[in-house]
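Only one structure is covered here, and it is reproduced in the block below.
The values are calculated or read from the model by the stated rules, or taken from the named source; none is laboratory data. Keep in mind that what you see is a predicted model, and the values were worked out from it rather than measured. Cβ: placed from backbone, ideal geometry, glycine included. Neighbour counts: every protein chain shown. Note: accessible area is taken over every heavy atom of the protein model, side chains too, but ligands, DNA and RNA are not part of it. Shrake-Rupley method; radii C 1.70, N 1.55, O 1.52, S 1.80 Å.
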Amino acid sequence: MKRIIIFTFLVSSFLANAQDNLLNLLGGDDEPMYISYHFKGTKVVNGQSVELPANGVLQFTIQHRFGTLNSGFYNLYGLDNSQVRLGFDYGIKDFVSLGFGRSSTTKTIDANAKIRIKRQCKGSVEFPYGIVVNSAVFVKQWKYAAAQEDNFLFSNQLSFANQLLIARKINRDLTLQITPTMVHYNLVDTKDQANDKYSLGFGGRKKLTKRVTINIEYFYQLTEKTNNNVLSLGFDIETGGHVFQLHLSNSSAMTAPAFITKTTGDWLNGDIYFGFNISRVFTIKN
Amino acid sequence: MMVQRIISFLFLLFCINVNAQQYLAKNGVITFFSDAPMEDIAAENKKVSAVYDASTNELVFQLNITDFIFNDPLMQEHFNENYLESDVYPKSTFVGKVVTIEDGKATVEGSLAMHGKTNKIKVNGSLLYNKKSVVISAEFTVKLEDYNIDIPKIVMYKIAEEIEIKVNIKLNKI
């Protein structure tokens with residue numbers, strides 16, 4: 001008899017918890033929870049970030065770089081010298097995007113592909129980093145006369161950049177990225193220069209508000225120390241469909257071979273270039 | 001001996017009871033719609049799970065915020081990053097009861113939790129029994145301010161203060 005009473009108690013306590021149990025019935029998540037949105041833009045400052053335009057989204061980017069801040073009032077502190085890069089990036093898959101652009105001063109046309117090979121996730125599957133491969137080719141334009149010369153080779157106009165982008169969103173505000181980079185020139189300036197130049201990039205962003213972040217980017221030269229390391233600071237401001245990126249850097253270039261391996265400016269001398277990127281996305285296909 | 005038999009019988013009865021009256025769904029659909037002067041915003045979540053217990057009339061829903069799919073990926077990013085903050089509040093749940101049911105028309109009362117806030121809500125909808133399933137559908141609105149979802153003034157004309165929500169879920173007997 002005693003047992004029946006105990007049992008009845010058990011049943012009633014079970015019933016009291018029935019609602020909680022209903023939620024438990026739904027179970028936990030079998031799917032991993034992906035961590036997304038490491039950066040506001042597809043670039044940290046000059047270099048690529050682990051972000052890609054989504055599938056079916058076309059991103060149009062206008063980039064401007066001005067002269068150095070120490071060039072005096074005569075040059076309006078650099079604003080008189082402006083160069084521009086126009087770029088398009090399109091997501092052909094959720095994990096693949098293709099980009100195309102042209103820079104004015106260096107007369108360079110570039111094309112790149114970014115492929116996301118691993119997403120940061122937690123939950124039933126855990127992986128601490130988002131990993132993207134970026135591969136780009138750059139063609140320096142030539143004048144008609146140059147092409148008539150006997151020693152002209154199209155391949156001499158080419159350079160390449162291959163990067164592994166590894167980023168971790170530490171928390172909702174802070175993302176850090178490390179970017180091993182190899183730049184290859186088919187033709188270098190002098191005989192003693194290597195065609196392959198290795199460098200290590202570091203990047204990060206910290207959210208100041210939900211819509212404003214401060215970014216930092218540094219490229220350290222591993223092999224040839226013929227040029228300066230690049231340090232850039234940026235502000236990303238997101239306003240609905242646009243992202244504005246304002247930044248200061250000791251490089252004025254916008255393509256990877258140029259800003260990573262040909263930077264001569266020095267922050268301590270005041271060779272600081274102001275620049276901005278404006279990007280706008282268009283959903284082409286749902 | 002007798003006592004033992006009663007106990008085992010009760011156990012048996014109890015087990016049957018628990019299973020026979022419950023209905024489960026894993027792929028329910030919840031859509032929402034924001035009708036604002038500048039921009040319509042709509043999203044669909046096809047991975048809503050739900051349980052209905054016909055013996056106690058209890059009803060629970062659960063969904064992942066990140067499972068809401070928008071036509072515009074940028075809207076989806078802003079929804080997760082700026083408004084619902086799905087990294088901090090990944091789930092939304094409803095725990096409630098069917099309080100009245102007549103000719104398939106039902107009223108449900110309970111607590112809706114999302115974005116770290118829980119509010120009591122009362123929703124009219126339909127609850128139809130088939131042989132081995134229950135189909136629940138409902139439409140209701142939620143106010144963003146009730147769930148601490150703040151819209152900056154600059155984008156206010158793009159996002160309605162009240163969001164229309166549609167529920168359509170078929171639950172199968174377990």
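With a 1.4 Å probe, what is the total accessible area buried between chains B and A, in Å² rounded to the nearest 100?
Counting protein atoms only, the buried area is about 3300 Å².
Can you give me the three principal axis dimensions of segment A:36-283 from its C-alpha atoms, in Å, biggest first?
Dimensions of segment A:36-283 along the principal axes of its Cα atoms: 61, 42, 36 Å.
Roughly how tilted is helix A:2-16, in degrees to the nearest 10 and between 0 and 90, from the longest Cα axis of chain A?
Approximately 40 degrees, to the nearest 10.
In Å, what Rg and Dmax follow from the Cα atoms of segment B:57-123?
14.7, 43
Using only the Cα atoms of segment A:190-286, what semi-axes does the equivalent ellipsoid have when each is the square root of 5 times a gyration tensor eigenvalue? Give whole Å, largest first.
In descending order, the three semi-axes are 29, 16, 12 Å.
Karplus couplings for segment A:61-76 from phi (6.51 cos²θ - 1.76 cosθ + 1.60, θ = phi - 60°), rounded to Hz, Gly and Pro as x?
Rounded to whole hertz, the list is 10, 10, 10, 10, 10, 10, x, 6, 5, 8, 8, x, 5, 3, 9, 6.
Segment A:61-207: percent of C-alpha pairs farther apart than 27 Å?
Value for segment A:61-207: 42 percent of Cα pairs lie more than 27 Å apart.
Assigning unit charges at the beta carbon (Lys, Arg +1; Asp, Glu -1) and nothing else, what dipole magnitude in debye, to the nearest 20, does chain A show about its Cα centre?
700
Give me the accessible area per residue for segment A:36-283, probe 1.4 Å, as a whole number in Å².
48
Given 10 °C and 1.306 mPa s, how large is the Stokes-Einstein diffusion coefficient of chain B in µm²/s, with Rh as the Kirkwood radius over Cα pairs?
90
Relative to the longest principal axis of the C-alpha atoms of chain B, give the angle of the C-alpha long axis of helix B:2-20, reported between 0 and 90° and rounded to the nearest 10°.
Value to nearest ten degrees: 30.
What area, in nm² and to one decimal, does the C-alpha convex hull of the protein assembly as shown cast on average over all directions?
Computing the convex hull of the Cα atoms and averaging its projections yields 31.2 nm².
Can you list the lysines whose alpha carbon sits under 26 Å from that of A:LYS114, skipping same-chain ones fewer than 8 residues off?
A:LYS40, A:LYS43, A:LYS93, A:LYS122, A:LYS140, A:LYS169, A:LYS197, A:LYS206, A:LYS207, A:LYS262, A:LYS285
Which whole number of Å³ per residue matches the convex hull of the alpha-carbon atoms in segment A:149-247?
Once divided by residue count, the hull of segment A:149-247 is 138 Å³.
Once phi is turned into ³J(HN,Hα) by the Karplus curve 6.51 cos²θ - 1.76 cosθ + 1.60 with θ = phi - 60°, what whole-Hz value does each residue of segment B:48-53 show in order, with x for glycine and proline?
7, 9, 7, 9, 10, 9
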